[in-house]
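J.: This is the structure I have questions about; it appears just below.
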Amino acid sequence: MSMTFKPILEREGKRPILIAGPCSAESEEQVMQTARELADAKQIDVFRAGIWKPRTRPGEFEGVGAIGLPWLKRVKQETGLKVTTEVGNKDHVFEALKAGIDILWIGARTTVNPFSIQEVADALKGVDIPVIVKNPVNPDLKLWMGGIERIYKAGITRIAAIHRGFSFHGDTKYRNVPHWQIAIDLKRNFPDLEIICDNSHICGRRDILQDVAQKAMDLNFDGLMTEVHPDPDKAWSDAAQQITPAQYTAMIKSMTFPAADAEVPSSVEGISHLRGDIDEIDQELINLLSRRMKIAEKIGEYKKANNLPVLQTTRWNEILGKSVEIGSKKGLSEEFVTVVLKAIHDESINHQIRIMHGE
Ligand code: PEP
Ligand code: MN
């Protein structure tokens with residue numbers, strides 16, 4: 001499906017789209033105070049606040065509902081900011097449109113469900129409004145693309161994606177692991193689609209918010225969505241990841257934003273020979289990997305002749321442990337060495353299985 005996306009906002013040059021506001025609208029005062037402080041700092045373009053909150057378990061605060069919509073209207077009138085809220089079904093869409101919400105966002109728990117996102121798409125037929133689509137909770141690029149396609153097919157062309165990270169079972173410093181490559185792959189598939197990083201839901205905590213925001217900007221993302229609350233510790237949802245308007249403004253001011261959108265041509269002096277070196281090393285890596293697979297195949301022949309299993313866990317642990325140790329001495333993180341070696345090991349196993357069963 002060939003699609004042409006339009007920007008969700010008019011903006012000058014390469015300025016990032018900055019969206020901020022509380023996780024949830026809690027009261028008119030809380031909404032107005034956050035919006036006024038953010039508007040006074042003159043950084044943001046769009047004010048966010050969740051009116052309907054999709055909570056993981058029942059019994060948690062599920063949003064104030066439609067009574068919060070006039071509060072957002074007041075934000076528009078008094079601050080001139082655009083406003084956005086999450087919609088998860090057709091009733092939300094109708095209520096939000098009626099209230100004059102400028103931009104709709106689709107949450108991770110809606111993108112994950114084709115029935116739900118289709119219901120939202122159907123409710124949007126014939127409406128011209130920007131829609132931003134968060135990634136699904138699970139790391140599935142196609143599901144994210146599918147959600148965007150459903151909205152596009154409803155006739156919406158001002159669409160952006162929001163990268164908010166993915167659920168993960170296990171130890172991680174993030175609330176939702178970023179898997180940056182998935183967002184990069186989305187960009188490869190949809191080159192003119194704007195991508196905004198929701199650093200709040202990736203981090204789930206305040207201390208790494210700026211690092212993640214900066215990484216997104218270094219990866220040439222188009223903007224940020226960040227949760228901001230006048231009294232973060234007392235927030236009714238997502239307290240641990242929210243920051244005050246003043247902290248938000250300080251964060252934005254101390255970040256560096258790329259000035260230009262251009263790809264750096266390889267002919268530029270100061271970069272051309274470095275890129276030449278990189279190309280050579282990449283070729284060498286491919287050659288080495290190919291040699292490694294040929295040797296793995298020979299081992300596969302031995303295992304076949306002796307009726308041995310392909311996977312040898314002790315040996316694999318040894319390889320991994322040794323490489324992580326050497327890597328750390330050479331400035332490579334454990335995470336990186338592990339990911340690379342696991343990919344190599346997977347490929348070796350596939351080569352050996354082919355030898356054993358002759359596929
Ligand atoms: C939110 O933005 O507050 C929210 C519920 O986010 P997500 O859909 O990313 O979980
Ligand atoms: Mn939230």
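J.: How far, in degrees from 0 to 90, does helix 313-329 lean away from the longest principal axis of the Cα atoms of the chain, to the nearest 10?
T.: 70 degrees
J.: When the chain is treated as a GNM, springs tying every alpha-carbon pair under 10 Å, which of Asp218, Asp277, Asp140 comes out with the largest mean-square fluctuation?
T.: Asp277
J.: Looking at segment 77-223, what % of its DSSP beta bridges pair antiparallel, to the nearest 5?
T.: Looking only at bridges with both residues in segment 77-223, the antiparallel portion is about 5 percent.
J.: Right, something else. Gap in Å between the Cα centre of segment 341-359 and the Cα centre of segment 135-170?
T.: Segment 135-170 and segment 341-359 have Cα centres spaced 33 Å from each other.
J.: From Cα pairs below 8 angstrom and at least 6 apart in sequence, can you work out the relative contact order of segment 17-254, rounded to a whole percent?
T.: For segment 17-254, the relative contact order is 18 percent.
J.: If you don't mind, another one. Ignoring ligands, DNA and RNA, what accessible area per residue does segment 184-224 give at 1.4 Å, in Å²?
T.: That works out to 37 Å² per residue.
J.: Right, something else. Using a 1.4 angstrom probe and counting only protein chains, how large is the accessible area of Ser167 in Å², to 10?
T.: We get 70 Å² for Ser167.
J.: Of all accessible surface on segment 272-356 at a 1.4 Å probe, what whole percent is carbon and sulfur?
T.: Taking all protein chains in place, segment 272-356 shows 57 percent carbon and sulfur surface.
J.: Can you give the helix-only mean residue ellipticity at 222 nm for the chain, where every DSSP H stretch with n ≥ 4 adds -39500 (n - 2.57) and the sum goes over all residues, rounded to the nearest 500 deg cm²/dmol?
T.: Mean residue ellipticity at 222 nm (helix-derived): -15000 deg cm²/dmol.
J.: Counting other Cβ atoms within 10 Å of each Cβ, which GluC sites (Glu not before Pro) in segment 37-67 have at most 16 and sit in a DSSP loop?
T.: For GluC sites (Glu not before Pro) across segment 37-67 that sit outside H, G, I, E and B with at most 16 neighbouring Cβ atoms in 10 Å, the list reads Glu60, Glu62.
J.: Among residues other than Arg150 whose Cβ falls under 13 Å from its Cβ, what is the net charge (Lys/Arg +1, Asp/Glu -1)?
T.: 0
J.: Same structure, new question: Check which residues have an amide H placed less than 5 Å from Lys82's amide H, if you skip close sequence neighbours.
T.: Close amide H contacts, sequence-distant or interchain: Phe47.
J.: Another question about this same structure. Give the shape of segment 272-337 as rounded, prolate or oblate, defined through the alpha-carbon gyration tensor: a ≥ b ≥ c are the square roots of its eigenvalues, a/c under 1.5 means rounded, and otherwise the shape is prolate if a/b is larger than b/c and oblate if not.
T.: The shape class here is oblate.
J.: Using the structure shown, list the pairs from Lys187/Lys294; Lys6/Lys82; Lys73/Lys142 with a Cα-Cα distance above 28 Å, or answer none.
T.: Result: Lys187/Lys294; Lys73/Lys142 exceed 28 Å.
J.: With everything on Cα atoms, drop me the angle between helix 114-123 and the longest principal axis of the chain, reported from 0 to 90° to the nearest 10.
T.: In the chain, helix 114-123 runs at an angle near 30 degrees to the longest axis.
J.: Using a Förster radius of 30 Å, what is the FRET efficiency between Asp279 and Thr157 based on their Cβ-Cβ separation? Nearest 0.05, please.
T.: The computed FRET efficiency comes out at 0.20.
J.: Run the 1.4 Å probe and let me know the accessible area of Ser328, rounded to the nearest 10 Å².
T.: Taking all protein chains as shown, Ser328 has close to 80 Å².
J.: Just want to confirm a number: the relative contact order over segment 31-91, from Cα pairs under 8 angstrom separated by 6+ residues, in percent.
T.: The value is 43 percent.
J.: Moving on. How high is the relative contact order of segment 160-232, given as a whole-number percent (alpha carbon pairs under 8 Å, six or more residues apart)?
T.: In percent, rounded to a whole number, it is 33.
The values are calculated or read from the model by the stated rules, or taken from the named source; none is laboratory data. All values derive from a computational prediction rather than experimental measurement. Quick reminder, even Gly has a Cβ in these numbers, built from the backbone with ideal geometry, and neighbours come from all protein chains shown. Note: areas computed on protein heavy atoms with side chains; ligands, DNA, RNA excluded. Shrake-Rupley method; radii C 1.70, N 1.55, O 1.52, S 1.80 Å.
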